[in-house]
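First comes the structure, then the notes that go with it.
The values are calculated or read from the model by the stated rules, or taken from the named source; none is laboratory data. Note that the structure is a prediction, hence the values are computed from the model and not measured. Backbone-built Cβ (ideal geometry, glycine too); neighbour counts: all protein chains shown. Accessible surface is based on the protein model in full, side chains and every heavy atom, while ligands, DNA and RNA are left aside. Shrake-Rupley method; radii C 1.70, N 1.55, O 1.52, S 1.80 Å.
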There are 2 protein chains.
Amino acid sequence: MRSCLSRLVLAVALLPSFVLAATGHAGDVDPRIGTGGDGHTFPGATVPFGMIQLSPDTAMPDFKHAYKWAAGYQYGDDSIMGFSHTHFSGSGHSDLGDVLVMPIAGEVKLEPGDPAHPGSGYRSRFDHASEVEQAGYYAVTLADYGIRAELTAGRRVGWHRYTFPTGKSAHLLLDLRPSIYDYPGKVLWSKLQVAGDGTVTGCRTTRGWAPGRKLCFAMRFNQPIASRTLYDRENDVVYKGFKGPGNQPVDHDAQNGRALVGVFDFGTLAKPLEVKVAISPVSAANAVANLDADGKGWDFDARRAQARAAWDKALAVIDVDASATVRRQFYTALYHAMLSPTLSMDVNRQYRGPDHAVHQANGFEFYSTWSLWDVYRAQQPLMVLLNPERSTDFIRSLVAAREASPFGILPVWAYQGLETWCMIGYHAVPVIADAYVKGVRGFDAGKALDAMVASATYAPYGDLADYMKLGYVPIDKEPEGASKTLEYAYDDWSLAQMAKAMGRKDVAATFEKRAGNWKNAWDPKTGFMRARLSDGPFRTPFDPAAAGYGTDYTEGNAYQYSWYVPQDVPGLIRAMGGDAKFVQRLDDVFDAKIDPAHFKHVEDITGLIGWYAHGNEPSHHIAYLYDYAGAPWKTQRRLKQIMDSQYAARPDGLSGNDDLGQMSAWYVFTALGFYPVTPASDVYAIGRPFVGRATLHLTNGKNFTVSAAPLDDAHPYVGEVTLNGKPLAKPFLHHAQILAGGELHFRMQANPAR
Amino acid sequence: MRSCLSRLVLAVALLPSFVLAATGHAGDVDPRIGTGGDGHTFPGATVPFGMIQLSPDTAMPDFKHAYKWAAGYQYGDDSIMGFSHTHFSGSGHSDLGDVLVMPIAGEVKLEPGDPAHPGSGYRSRFDHASEVEQAGYYAVTLADYGIRAELTAGRRVGWHRYTFPTGKSAHLLLDLRPSIYDYPGKVLWSKLQVAGDGTVTGCRTTRGWAPGRKLCFAMRFNQPIASRTLYDRENDVVYKGFKGPGNQPVDHDAQNGRALVGVFDFGTLAKPLEVKVAISPVSAANAVANLDADGKGWDFDARRAQARAAWDKALAVIDVDASATVRRQFYTALYHAMLSPTLSMDVNRQYRGPDHAVHQANGFEFYSTWSLWDVYRAQQPLMVLLNPERSTDFIRSLVAAREASPFGILPVWAYQGLETWCMIGYHAVPVIADAYVKGVRGFDAGKALDAMVASATYAPYGDLADYMKLGYVPIDKEPEGASKTLEYAYDDWSLAQMAKAMGRKDVAATFEKRAGNWKNAWDPKTGFMRARLSDGPFRTPFDPAAAGYGTDYTEGNAYQYSWYVPQDVPGLIRAMGGDAKFVQRLDDVFDAKIDPAHFKHVEDITGLIGWYAHGNEPSHHIAYLYDYAGAPWKTQRRLKQIMDSQYAARPDGLSGNDDLGQMSAWYVFTALGFYPVTPASDVYAIGRPFVGRATLHLTNGKNFTVSAAPLDDAHPYVGEVTLNGKPLAKPFLHHAQILAGGELHFRMQANPAR
């Protein structure tokens, strides 16, 4: 347990989930995990890779204070401002929280109010004891109103059921003003309209993380609207358009402006109010089409069962034999690893691209929400292993996004089709290469390779111009030159692997050469990866402990980034002076005594074990590196240390941002006993399992089982690993060996097998 | 000449236009007329009913000071800030000025600068002597740069030719910030993008007169762009979206924001820079498609000739024999009457509707820019007379707009498909009825009638709820109740005429009854039309001179509005006590001695002759009313008085806003000797011609000639009117008589034929 986790331990014992009759693994999912502390996950309802993430929001504060509420919900809060339909799972930077609705019983207030002053607005207090969080279902009692709120989700439709207290007037408030990472002026324009049949539609355009993002919706109720008012709450504006001599329609069926609120009144209700909401990044008409196609009828319970079945089906890909707590951790991690990318295509196959234009997805489903700097490491490789058909759509989506890119390059950090330019590298390249190298073929490899080369050679991006000229990114030209040089070199290597597999020797040779550029960042004198100046020398002064903006590194320091040569670990070992020195330096990283306040200026660096920061991605492969230097027992020891301290079946059970499933995918792989240290190679480094038995049901019809015995705290080390009964000489496993099916057995023992 | 006109007389003698070889009537058009004073016309290039109005802008001031610059140009100004692609012709309220470009030689400044301080920005001084204004062509020398700027237009494409001084670097600045009726925050969002082939595209969304209006464009140059920079000039914003660790592309191919400026550099040029720009209210992709389809090749002179030919063709509908000055006035008026509605449909037939959604025009062309309170009076009836095929498209556009209306009603004041709710009444109804009654049949009359009834019965609009209940619009519920009661009653009557002609007796009866509602506004005690309170009595205190907001009237007072019963002039005469008293009261209106400052708080009431205000529409039929009371010679006298004082072949030659051609259409009809006092009847009131001979070439193949002799100031009265040689007993003419062809001859004489 990292030091700061202990500060965040919450006094709430998690209640057992209410389990439906179904017996699949969805029952082991606990969406509370990560909703406290720095996990930034959301507790609400969604389906695998679904467009809708319908979840309660406890706050959407000013963007300067918003890091903690990146998912709109923090477990420590005691009031809910509403339920919105879009959320990132575990992001650092953020946005979304679109189409916020709040049921209200009795008097209607139009502002959310101050959490510190209950009753000051429409938000309501709640008690965790009233919450039910399940895969595909969320419920809570809104204490201030006595309303039972239930949420479930389809792929494009969010379903709500609100049970009002008897005799109180029922209202639904729709607030188009707030969003996650909020600030004045974020809403550029919004529209709200009520059609004759009671369908409410609208759109809003915001200048958030992806500037100029338009999100539309269509909403229907299961009971007639008795009355309703569409408010424009913006009062301090010079000119709202023509306000003539009173001849405008008085009873507005439509509003447009920058601060719209709709209040829908239903009188006193004899049965629960059900609401269904479809969204579209394209248009209100598309949202209506999505609602028509995917949101037929009114049967909340059936929809809830469908969502649960979707999760049961998705999670059935791995059967795990472990304690209830470990199962909860494992399946919640697998669940979190299946939340991105998200479907970003309407039923008519239209999607919005990074050029903000509307495109058509022919022959594939378009997905977006690409936190590529994170997910290329383990989350996407996990999808390649478990569901290569889905990966095919992911890769076709990446290539389609590139075709619609004004720059002609692959996504960097994209959502709802739009680009944010967040983080560094061109890590869509290893995502594609990893799939190809592991046999995924359902996409046009030639077009994909073109897109990868275009991304790796687009001079204006992250100073690729100088990188291509000098072999490194000069720190006097471009920030964080060391990290960029290292990550570009790895991306280049991954590109070369795919080119080689395709027989494209020219491309392979070019990028194989660039893959060696990590050496330009290596400073043998200090023994660290560093950034150079344009004219050659490393920048001085140099402090290996320094991290953050202005340094040589991206969300990291020299202790963390100097291990980033996944494409050539033997080369890195040689550079560091051989196995022994390499192992010693790894130990020094983990064993360092660090002031916990050292990284307080870099929000994302959390989960510290010495310098090792499990809460952020640059560290994720480091514990496995002992394997490469002949000390796999040290990998095993470090993994146990990390699993024990960085993950827990509690709301604050993730030591850092889940980062769209990367933290969770690390858990899944590590629990299974192997990890893709080098995506785009077919090799996994073997660690040690944390489950007694796990069977992967592969899409080729084969089963691959991992087993470990005896598996307990008294036997933390691996004595021998056998694949189908034959001992493995080295702690590495090939993808093809998994695909062939069979059993990987770990004989566990008390002492390290040095 | 009205009193305030004399104050506005400009010291500039108009130069003869530079006439091309063509000999059509386009050569008589002088687009300068109305660009000074209150005319609010624009001098730039356009084609009949074209989507593009490419015209110089001298100022786009704050909306509080913008009335004078409603067309972006005022003849009294001495500098030009650029050339933009959309303008209203003669509106009071305003908007547009989209896609402003400015050629720059030498140093580039990014702000337009202060006209009072030449050189303080990119704007340039100019001299009227360097201007050439013709139908479809405009040229000026930008003195500060020595650039000769020439503009011409197609239906969807604006064409520019800029001849730069030798040796100076050539630049084109594109400013997406300013617009007509400007104010901080008007631009909600805008985008700018440069494609690989040099095509520049963009869109901007503004909260102007039609809130949330999106206008896109596509622009190409005839020479390669040497370099370019896309600026986002907004600096005082909390958050512009993620600005990460410097990894964003440095050389932007795209920008989005609220203050975008693009500067395109061409080095020193060997030949003139040509620019072509297409626009679209739908999307940038549609703008590109418009440019591809309608903007092929590079031949500015050919495009100029095409525009001229389009005007020659449109104006050939009437051949007029008159002095050069009168011809200039006449054909300029006819030109101004052919500028609205404007094409608002892309080449793929897509258009934006009042629901802000995109629709498809099948089988017709969609037009918008509907200043209906103005143009139903004479401009649209003139189109029905001269070009009923075009009227068919206009009417289909109105009905299509109704089908896309969130309220299910016809347009009120719409442009680019969007509704502004400006002014009063439902005057799309008489526009449609007038066409139908006069034989236009190319539209679905049943659907049109449904739309008309829907508009006339939509309770929330302008308190139609009370109007339908009480027979009048009560002033305690709705402002300007007298004007609204009167105009609704006329609109109702027009609806009844169409229903009757269709054999829809039920509808006809209902609205024939409502047509009598004008009587509810008539106060026999004071002898004025007044507004009543909900419970019956007229509101007191009452001041017949009072005009403007808060009074009983819309842009008028009791002296002006009490004549508004075009559907029942005999009834009005009876109410006023018979012919003699009616004529006396008309005389009292024209002969009243009024303090010119009386209406200074109501911008639109201009062009005073006594209480008669020719500068605004409620007066437009009044001079013809003498005809109905047996005093046609007084109509003749008043018409001469108006024609002499309210129109002149000078920049300040329109005594009020041209109002999308209504002022000009009044001139055309009056010059021809007759006027549609009651649109939706087939009757014209006969005045007296102001041209010696005019032949209308009707689309049914017939010619109808008006002649007058002797026509001079010594013979201002009509002795006898003959139609095909037979004297007319009464001063009225039927539409069918015109359509039958023939000659209407006026024998003029020195003295009135009392």
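Filtering region B:451-497 to residues that are farther than 30 Å from B:Ile738 by Cα and among the acidic types (Asp, Glu) leaves B:Asp463, B:Asp466, B:Asp476, B:Glu478, B:Glu480. Restricting attention to region B:169-201, the residues that are part of a strand (DSSP E or B), more than 8 Å from chain A (Cβ to nearest Cβ) and closer than 18 Å to B:Asp265 by Cα add up to 10. Number of residues in region B:448-479 that are open to solvent by less than 30 Å² (accessible area, probe 1.4 Å) and modelled with pLDDT of 95 or more equals 15. Residues that are more than 25 Å from the chain's Cα centre (by Cα) and open to solvent by 40 Å² or more (accessible area, probe 1.4 Å) do not occur anywhere in region B:305-320.
Within region B:664-676, no residue that is in the same structural domain as B:Thr35 (by TED's automatic domain parsing) sits with its Cβ atom under 6 Å from a residue that is in a helix (DSSP H, G or I) at 6+ positions apart or across chains.
None of B:Pro249, B:Pro211, B:Pro245 is open to solvent by less than 40 Å² (accessible area, probe 1.4 Å), at pLDDT below 90 and in contact with a helix residue (DSSP H, G or I) (Cβ under 8 Å, 6 or more places away or on another chain) except B:Pro249. Take the conditions (1) in contact (Cβ under 8 Å) with a residue 60 or more places away in the chain; (2) closer than 25 Å to B:Ser534 by Cβ; B:Leu464 misses just one of them, which is (1). Selection of first residues in region B:162-181 that are closer than 18 Å to B:Asp95 by Cα and in the same structural domain as B:Cys203 (by TED's automatic domain parsing) and of second residues that are in a strand (DSSP E or B) and charged (D, E, K, R), restricted to Cβ pairs under 6 Å at least 6 apart or on distinct chains, gives the following pairs, ordered by first then second residue: B:Leu176/B:Arg204.
Residues that are polar (S, T, N, Q) and touching an Asp or Glu at 6+ places or on another chain (Cβ under 9 Å) were ranked within region B:522-551; the one that is surrounded by the fewest Cβ atoms within 10 Å (Cβ to Cβ) is B:Ser534. Can you name every residue in region A:584-608 that is among the charged types (D, E, K, R) and either surrounded by 22 or more Cβ atoms within 10 Å (Cβ to Cβ) or modelled with pLDDT under 85 (or both)? Within region A:584-608, A:Glu603, A:Asp604 qualify. Cβ-Cβ distances below 6 Å connect the following pairs, each with a first residue in region A:436-460 that is more than 14 Å from every other protein chain (Cβ to nearest Cβ), a second residue that is surrounded by fewer than 16 Cβ atoms within 10 Å (Cβ to Cβ) and assigned to a loop (DSSP other than H, G, I, E, B), and a separation of six or more residues or different chains: A:Ala445/A:Met502. Considering region B:288-383, the qualifying helices (runs of 4 or more DSSP H), each wholly inside and each with 2 or more residues that are out of contact with any strand residue (DSSP E or B) (no Cβ under 9 Å at 6 or more places or on another chain) and charged (D, E, K, R), run over B:300-315. When residues in region B:57-93 are screened for being free of Cβ contacts under 8 Å to residues at least 60 places away in the same chain, open to solvent by 30 Å² or more (accessible area, probe 1.4 Å) and either part of a loop (DSSP other than H, G, I, E, B) or β-branched (Val, Ile, Thr) (or both), 2 of them pass.
Evaluating B:Val375 against the criteria (1) surrounded by fewer than 24 Cβ atoms within 10 Å (Cβ to Cβ); (2) touching a Leu at 6+ places or on another chain (Cβ under 6 Å) leaves one unmet condition, (1). Could you tell me whether region A:687-708 includes any residue that is in contact with a Pro (Cβ under 8 Å, 6 or more places away or on another chain), farther than 18 Å from A:Lys438 by Cβ and charged (D, E, K, R)? There is at least one residue in region A:687-708 that is in contact with a Pro (Cβ under 8 Å, 6 or more places away or on another chain), farther than 18 Å from A:Lys438 by Cβ and charged (D, E, K, R). The number of residues in region A:552-576 being open to solvent by less than 20 Å² (accessible area, probe 1.4 Å), part of a loop (DSSP other than H, G, I, E, B) and within 14 Å of another protein chain (Cβ to nearest Cβ) comes to 4. Put simply, of B:His336, B:His359 the only residue that is open to solvent by 20 Å² or more (accessible area, probe 1.4 Å) and out of contact with any Lys or Arg (no Cβ under 6 Å at 6 or more places or on another chain) is B:His359.
Look through A:Pro224, A:Pro184 and report the one residue that is closer than 21 Å to B:Val187 by Cβ and open to solvent by 10 Å² or more (accessible area, probe 1.4 Å).
That would be A:Pro184, the only listed residue that is closer than 21 Å to B:Val187 by Cβ and open to solvent by 10 Å² or more (accessible area, probe 1.4 Å).
Please tell me if A:Lys519 is within 12 Å of A:Tyr472 (Cα to Cα), of a type outside the set (Val, Ile, Thr), at pLDDT 95 or above and open to solvent by 50 Å² or more (accessible area, probe 1.4 Å). Yes: the conditions hold for A:Lys519. No other residue among B:Arg233, B:Arg161, B:Arg220 is away from every other protein chain (no Cβ under 14 Å) and at pLDDT below 95 apart from B:Arg233. Kindly check whether there is at least one residue in region A:481-489 that is assigned to a helix (DSSP H, G or I) and open to solvent by 10 Å² or more (accessible area, probe 1.4 Å). No, there is no match, as no residue in region A:481-489 is assigned to a helix (DSSP H, G or I) and open to solvent by 10 Å² or more (accessible area, probe 1.4 Å). For region A:389-417, filtering for residues that are under 16 Å from the mean Cα position of the chain (by Cα) and farther than 13 Å from A:Ala435 by Cα leaves 7. Tell me which residues, restricted to region B:536-573, are touching a residue at least 24 places away in the same chain (Cβ under 8 Å) and acidic (Asp, Glu). B:Asp552, B:Glu555, B:Asp568, listed by residue number. Tell me yes or no: at least one residue of region B:378-395 is open to solvent by less than 10 Å² (accessible area, probe 1.4 Å), more than 22 Å from B:Asp682 (Cα to Cα) and touching a Pro at 6+ places or on another chain (Cβ under 7 Å). No. When A:Leu5 is tested against (1) more than 14 Å from every other protein chain (Cβ to nearest Cβ); (2) open to solvent by 10 Å² or more (accessible area, probe 1.4 Å); (3) modelled with pLDDT under 95; (4) not in a loop (DSSP other than H, G, I, E, B), exactly one condition is not met: (2).
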